[in-house]
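The values are calculated or read from the model by the stated rules, or taken from the named source; none is laboratory data. Source: prediction; values computed, not measured. Cβ atoms come from the backbone with ideal geometry, glycine included; neighbour counts cover every protein chain shown.
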Amino acid sequence: MSIKDCRIIELPKISDPRGNLSVIEGGINVPFDIKRVYYLYDVPGGSARAGHGHKELQQLIIAMSGSFDVIVDDGYQRKKFQLNRSYYGLYIPKMMWREVENFSSGGVCLVLASTVYDESDYYRDYEDFTTLVHNT
């Protein structure tokens, strides 16, 4: 996988004077079947989360409220995405290190995942991750 595989996906936005609606459908506007959904909230302003990679897991990360930055790293390059609209999601493929930082006050980070939780799918040490990437 390459840093170029990370991309912003614009979700459908149905505008209405009563409020907007966006639809998320696994395998349709998300490039994988959704197996797990979780969200981060009450993160102190300016704090960071994540700091890991995955062997197989793919994710779509959405700022449901507020804003935060997502840094992705393929072992060779790093790129920062600022998420601040609930109809944009950041697609992160497998074998990508990710960090989520700079949460605004009240920020809510929704994560759609392609697999159920499996601790053996994680890279928790950046040096181990980059060593593997550089040796494959």
Next on the checklist: If I ask for residues that are of a type in the set (D, E, K, R) and closer than 16 Å to residue 52 by Cα, which ones from the stretch 85-136 would you list?
Outcome noted: 94, 98, 99, 101, 118, 119, 121, 124, 125, 127, 128
Checklist entry - residue 50 fails exactly one of the following numbered conditions: (1) in a strand (DSSP E or B); (2) modelled with pLDDT under 95; (3) surrounded by fewer than 16 Cβ atoms within 10 Å (Cβ to Cβ). What is the number of that condition? => result (3)
Checklist outcome for this item: The lone condition residue 76 fails out of (1) surrounded by fewer than 16 Cβ atoms within 10 Å (Cβ to Cβ); (2) modelled with pLDDT under 95 is (2)
Checklist entry - In the stretch 24-52, which residues are without any contact (Cβ under 8 Å) to a residue 24 or more places away in the chain and within 22 Å of residue 81 (Cα to Cα)? => result 29, 42
Checklist entry - What number of residues within the stretch 53-87 are in contact (Cβ under 8 Å) with a residue 12 or more places away in the chain, of a type outside the set (Phe, Trp, Tyr) and assigned to a strand (DSSP E or B)? => result 18
Next on the checklist: I need a count of the residues in the stretch 14-34 that are in contact with a Ser or Thr (Cβ under 9 Å, 6 or more places away or on another chain) and loosely packed, with under 14 Cβ neighbours inside 10 Å.
Outcome noted: 4
Item to check | Those residues of the stretch 36-46 which are loosely packed, with under 14 Cβ neighbours inside 10 Å and assigned to a loop (DSSP other than H, G, I, E, B), in sequence order | outcome: 41, 42, 44, 45, 46
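Kindly indicate the residue of the stretch 115-136 that is of a type in the set (D, E, K, R) and surrounded by fewer than 10 Cβ atoms within 10 Å (Cβ to Cβ) and also nearest to residue 97 (Cα to Cα) among those meeting that condition. Let's see the steps before the verdict.
At the first step, the residues of the stretch 115-136 found to be of a type in the set (D, E, K, R) are 118-119, 121, 124-125, 127-128.
Pick out the ones that are also surrounded by fewer than 10 Cβ atoms within 10 Å (Cβ to Cβ) and you get 119, 127.
On the way: 119: 15, 127: 11 Å.
Looking at the filtered set, the residue picked out is 127.
Could you list all residues from the stretch 109-120 that are under 16 Å from the mean Cα position of the chain (by Cα) and either at pLDDT below 95 or more than 17 Å from residue 86 (Cβ to Cβ) (or both)? Show your work before the answer.
Residues of the stretch 109-120 under 16 Å from the mean Cα position of the chain (by Cα): 109-117.
The answer is 113, 114, 115, 116, 117.
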Next on the checklist: Looking at the stretch 88-110 only, could you name the residues that are of a type outside the set (Asp, Glu), in a strand (DSSP E or B) and within 22 Å of residue 126 (Cβ to Cβ)?
Outcome noted: 90, 91, 92, 97, 98, 100, 109
Item to check | Residue in the stretch 119-131 that is under 26 Å from residue 14 (Cβ atoms) and either in contact (Cβ under 8 Å) with a residue 12 or more places away in the chain or not in a strand (DSSP E or B) (or both) present | outcome: no
Next on the checklist: Given the options 36, 85, name the one that is of a type in the set (D, E, K, R) and over 21 Å from residue 122 (Cβ atoms).
Outcome noted: 85
